[in-house]
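The structure appears right after this line, and notes come after that.
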Protein chains: 2
Amino acid sequence: MTNDASKAGSSILAAMHTAQTIAWGPILFQAARVMRDRGLLAALRKGAPQGMTIEEVAEVTHTSQYGVTVLLEAGLAARLVEKEGDRYRGTRAGFLLERDEMARVNMNFVHDVCYRAAAHLDTAIEQGRATGLPELGNWPTVYEGLQDLPEPAKTSWFAFDHFYSDDSFPLILERVLRSAPARIMDVGGNTGKFALQVLARDPQVAVTVVDLPVQIAKCKANVEKAGWAKRAAYHPCSVLSLDTEFPADHDVIWMSQFLCCFSEPEVVHILSTAKRAMKPTTRLMIMDNLWDCQKNEVASLCLQATSLYFTTVANGNSRMYDRATLARCIERAGLRLVDEVHEIGWGHSILECAR
Amino acid sequence: MTNDASKAGSSILAAMHTAQTIAWGPILFQAARVMRDRGLLAALRKGAPQGMTIEEVAEVTHTSQYGVTVLLEAGLAARLVEKEGDRYRGTRAGFLLERDEMARVNMNFVHDVCYRAAAHLDTAIEQGRATGLPELGNWPTVYEGLQDLPEPAKTSWFAFDHFYSDDSFPLILERVLRSAPARIMDVGGNTGKFALQVLARDPQVAVTVVDLPVQIAKCKANVEKAGWAKRAAYHPCSVLSLDTEFPADHDVIWMSQFLCCFSEPEVVHILSTAKRAMKPTTRLMIMDNLWDCQKNEVASLCLQATSLYFTTVANGNSRMYDRATLARCIERAGLRLVDEVHEIGWGHSILECAR
C-alpha cells in the first residue's frame with residue numbers, strides 16, 4: 001500500500017470501530033458495569049503489571065471461568081482490558097471506570113435511571129414528552145417523583161445531581177459577593193444549598209429563595225435549622241405561570257443549574273420575569289454547564305449525552321445548553337450579557353446579565 | 001508542556017474518552033438508532049458536503065427542532081456528526097451506521113433482541129443461565145422460542161443469523177468437496193441450508209443431517225421440495241444426550257456455526273461423539289467465527305460482544321470462541337487438528353480434524 005492508501009485504510013478502520021462501538025454500546029456498557037461491580041477491574045488493578053489469567057481472576061472474584069471469559073473478552077472489545085499471551089491487564093480506561101468518581105457516578109446514573117427509559121427515545125422525540133419516565137413511575141415529570149423513585153434509581157439520581165452541582169459553590173461565592181450585595185434572590189433555590197453557603201459566608205447579606213411551595217417548605221426548614229432564619233425570605237411560586245412576578249429590589253439574582261430544566265421558550269419567559277424585577281444595578285448571574293465551554297471533548301460528551309436524560313426521563317423538552325443558545329435567550333428577554341467566566345470546578349460557566 | 005507531558009495528557013484524555021463513551025454507551029446507542037430511523041443520518045448524507053443547519057434537518061425529517069438538537073448534539077458526543085459554525089455534517093462513522101449492512105443488522109439485533117436482556121448480565125453470570133431471556137418470552141433457551149419471538153425481535157434475530165452465516169457457504173463448498181466425499185454428515189444441519197447447497201453442487205454426494213427432531217422435520221421438507229430426497233438421510237437426536245451416537249461411514253463430518261451454541265464441556269462431548277463415528281480417513285470440518293482469527297479489531301469486537309448475547313439471551317453458557325479454546329477442545333476429544341483456513345467471507349474459519 002502507498003502511504004496514502006494505508007492512511008485511508010486506517011481511517012476507514014477507525015470509522016468502523018467508532019460505528020461498531022456505538023452499535024454494540026449497550027452490551028459493552030453492561031459488560032463494563034458487571035466487570036466493575038463483580039470486582040474484575042479491581043482485581044486486574046491489583047494484579048498489574050504482570051497481568052492475570054482467567055483462572056486467577058475467577059478465583060479472586062468468585063466468578064465462574066465462563067463468566068470471567070465472556071466479561072474479559074467483551075472488555076477487550078471495549079478496550080478496557082488488554083491481553084498478552086493468556087494474561088489480561090486493565091487499560092487506563094478500565095482503571096478510570098473503576099476508580100474515577102465521575103465515571104462511577106455516570107455509569108450508575110445511566111444504568112439505574114436512564115437505561116430502560118432511553119429505549120423510548122423515539123417516542124419521546126415524536127411526542128415531545130418524557131415517554132421513558134413510566135419505566136420508573138407515574139409522574140408528569142421526574143421532579144414530582146424524585147422522593148419516590150425506586151431504588152437504586154433514587155440513590156443514583158441524587159449522587160449524579162450532587163456530583164455535578166455542589167462542588168462549584170465554594171469556588172464562586174467570592175464572585176457573587178464581590179459587589180457587596182445587600183439582597184440576593186436565588187431562583188430555583190431548591191433545598192437551600194446555595195442560600196445556606198451564602199448566608200454563612202457573608203453576615204450582612206439577606207437571601208430570598210424562589211421555588212415551588214413544596215421545595216420552599218424544605219428549604220425553610222433547612223435554613224431555620226442552620227440558624228439563619230432572620231436573613232432569609234421566601235417566594236413560593238411556579239416560574240412557568242404567566243402571572244408570576246419575582247420580588248423587586250435585589251442586587252443579585254442567582255440561577256444555578258436551573259435553566260437546563262426548561263425548554264427554550266420557557267427560559268425566555270423566566271428571564272423576562274427576572275428582568276421585570278431588576279434594578280439598573282441588579283446583576284443576574286446564571287450558572288450552568290455549557291457543553292461548548294468545556295475544557296475538552298470528554299466533558300462535552302458527558303453533557304451532550306445528559307441531554308437525552310432530560311428528553312426521555314425528566315420532562316421531554318429541556319437539555320444541557322450551549323453558550324450560544326443561552327445568549328440568544330438572554331437577548332430575546334431584553335437583557336445584556338455583561339460578563340462571563342468558564343471552566344469553574346467540573347465545568348460550570350457563569351453568565352452575568354444586566355438590564 | 002513538554003512533548004512528553006503533552007503526549008501523556010493526550011493519552012489520559014483518550015482513556016477518559018474511551019471510558020465515558022462506554023459509560024454513556026446506551027444513551028449514545030439510542031441517539032444513533034433514532035438518528036438513523038428518523039432519517040437524520042440520511043439527510044446529512046444528502047446535505048454533504050456543505051452541511052445542514054438544525055432548522056434544515058428538522059424540516060427534511062419532520063422532527064421538532066428540539067428533537068433534532070438533542071440528537072445532533074448526542075451525535076457530536078458519539079462522533080457520528082461534526083459541527084462547523086451552525087452547520088452539521090455526518091462523519092464517516094455516521095454514514096457507516098446508516099449505509100453499512102453489518103452495522104444496521106447489528107444495531108437492530110442489539111436493540112430488538114439484546115437491549116433489555118443485557119441489563120440482566122449480572123444475574124446471568126451469577127446463575128449461569130440466560131436470565132435476560134424472559135424479557136422476550138418464557139422458554140428454557142432461545143432456541144425453543146425462535147419461531148415465537150415477538151416482533152421486531154424475530155425479524156432482527158433472523159436477519160442477524162442470516163447475515164453472518166449464509167454468505168460463506170458458496171466460498172467453502174469446493175474445499176468441502178475437494179476430496180470427492182461420497183457421504184457427508186451435517187451435524188446441526190438446521191433447516192438444511194448447507195445440505196441443499198452441497199446436494200445441488202455435487203450430483204454424486206449423499207448427505208446425512210443430524211439435528212433435533214423438530215429441525216429435522218423442517219429440513220426434510222425443504223430437501224424434498226428441492227427434489228434431493230434420494231440422496232438425503234436424517235438422524236434425529238439430541239447431541240447432548242450421553243447415549244447419542246452419530247451414524248458411521250461418512251467421509252466428511254460438517255459443523256457450521258454450531259459449537260458456539262454450547263459450553264466448553266459440551267463441545268468436548270460433541271467432538272468425542274463425532275470421533276467415535278469417524279473412520280481413519282474421515283475429515284471433521286468445523287466452521288465458526290473465531291474472534292482471534294479476524295482481519296481486524298472491529299471484526300473481533302463484534303464477535304466478543306456477541307458472546308454476551310449467548311450469556312443473557314441464548315442459553316447462558318456458550319460464546320463465540322477463539323481458536324485456542326476450540327483447539328483445546330479438539331485435543332481433549334482425542335482428535336488432531338490437521339488443517340485450518342481463516343478469513344473466509346465475513347470472517348469464518350475452518351478447522352479440519354482427523355482421528
- Query: Would you pick out the residues in the stretch B:149-175 that are under 26 Å from B:Thr273 (Cβ atoms) and either out of contact with any Lys or Arg (no Cβ under 9 Å at 6 or more places or on another chain) or among the polar types (S, T, N, Q) (or both)?
  - Reply: B:Asp161, B:Tyr164, B:Ser165, B:Ser168, B:Ile172, B:Arg175
- From the residues in the stretch A:238-259 that are among the hydrophobic types (A, V, I, L, M, F, W, C) and touching a helix residue (DSSP H, G or I) at 6+ places or on another chain (Cβ under 7 Å), which one is nearest to A:Asp211 (Cα to Cα)? A:Val239
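A quick yes/no check of all residues on (1) crowded, with 16+ Cβ neighbours inside 10 Å; (2) in contact with a His (Cβ under 9 Å, 6 or more places away or on another chain); (3) at negative phi:
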{"site": "A:Ala277", "(1), (2), (3)": "yes, yes, yes"}
{"site": "A:Met320", "(1), (2), (3)": "yes, no, yes"}
{"site": "A:Leu335", "(1), (2), (3)": "yes, no, yes"}
{"site": "A:Glu343", "(1), (2), (3)": "no, no, no"}
- Message: Would you confirm whether or not the stretch A:75-84 contains a residue that is in a helix (DSSP H, G or I), in contact (Cβ under 8 Å) with a residue 40 or more places away in the chain, more than 7 Å from every other protein chain (Cβ to nearest Cβ) and more than 28 Å from A:Phe262 (Cα to Cα)?
- Response: yes
- Counted residues, the stretch A:285-302 - those being over 15 Å from the mean Cα position of the chain (by Cα) and more than 9 Å from chain B (Cβ to nearest Cβ): 3
- Failed condition for A:Leu240, given (1) under 30 Å from B:Met16 (Cβ atoms); (2) part of a loop (DSSP other than H, G, I, E, B); (3) without any contact (Cβ under 8 Å) to a residue 40 or more places away in the chain: (1)
- Query: Residues in the stretch A:303-352 that are within 14 Å of chain B (Cβ to nearest Cβ), over 18 Å from A:Val176 (Cα atoms) and not aromatic (Phe, Trp, Tyr): how many?
  - Reply: 24
- Task: For the stretch A:31-64, enumerate the residues that are in contact with a His (Cβ under 9 Å, 6 or more places away or on another chain) and without any contact (Cβ under 8 Å) to a residue 24 or more places away in the chain.
- Result: A:Gly39
- Item | Condition broken by A:Glu101, with the remaining ones in (1) away from chain B (no Cβ under 11 Å); (2) crowded, with 18+ Cβ neighbours inside 10 Å; (3) closer than 27 Å to A:Trp346 by Cβ satisfied | (2)
- Query: Quick one: is A:Gly67 in contact with a strand residue (DSSP E or B) (Cβ under 9 Å, 6 or more places away or on another chain) and either small (Gly, Ala, Ser) or assigned by TED's automatic domain parsing to the domain that holds A:Gly51 (or both)?
  - Reply: no
- Restricting attention to the stretch B:164-187, and to residues there that are part of a helix (DSSP H, G or I) and of a type in the set (Ser, Thr, Tyr), which single residue is modelled with the lowest pLDDT? B:Ser165
- From the list B:Ala31, B:Ala48, pick out the single residue that is outside any loop (DSSP other than H, G, I, E, B) and either more than 7 Å from chain A (Cβ to nearest Cβ) or buried (at least 18 other Cβ atoms within 10 Å of the Cβ) (or both). B:Ala31
- Long-range neighbours under 8 Å by Cβ, at least six apart or interchain, first residue on the phi < 0 side of the Ramachandran plot within the stretch B:188-206, second of a type in the set (Lys, Arg): B:Thr191/B:Lys218; B:Leu199/B:Arg231; B:Val205/B:Arg183; B:Val205/B:Arg231; B:Ala206/B:Arg183; B:Ala206/B:Arg231
- Note on the structure: Scanning the stretch B:13-25 residue by residue, those without any contact (Cβ under 8 Å) to a residue 12 or more places away in the chain and either at the interface with chain A (Cβ under 7 Å from one of its Cβ atoms) or outside any helix (DSSP H, G or I) (or both) turn out to be B:Leu13, B:Ala15, B:Met16, B:His17, B:Thr18, B:Ala19, B:Gln20, B:Ile22, B:Ala23, B:Gly25
- Residues of the stretch B:147-204 classified as under 16 Å from B:Val223 (Cα atoms) and within 18 Å of the chain's Cα centre (by Cα), total: 6
- Message: Against the condition closer than 19 Å to A:Glu144 by Cβ, assigned to a helix (DSSP H, G or I), in contact with a helix residue (DSSP H, G or I) (Cβ under 9 Å, 6 or more places away or on another chain) and away from chain B (no Cβ under 14 Å), how does A:Cys219 come out, does it pass?
- Response: yes
- Message: So the check is Cβ under 8 Å with 6+ separation or different chains; which pairs have a first residue in the stretch B:105-119 that's at the interface with chain A (Cβ under 7 Å from one of its Cβ atoms) and a second one that's among the hydroxyl-bearing types (Ser, Thr, Tyr)?
- Response: B:Cys114/B:Tyr309; B:Cys114/B:Thr312; B:Ala118/B:Thr312; B:Ala119/A:Tyr115
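The values are calculated or read from the model by the stated rules, or taken from the named source; none is laboratory data. Because the structure is a prediction, the values reported are computed rather than measured. We place every Cβ from the backbone using ideal geometry, glycine too, and count neighbours over all the protein chains shown.
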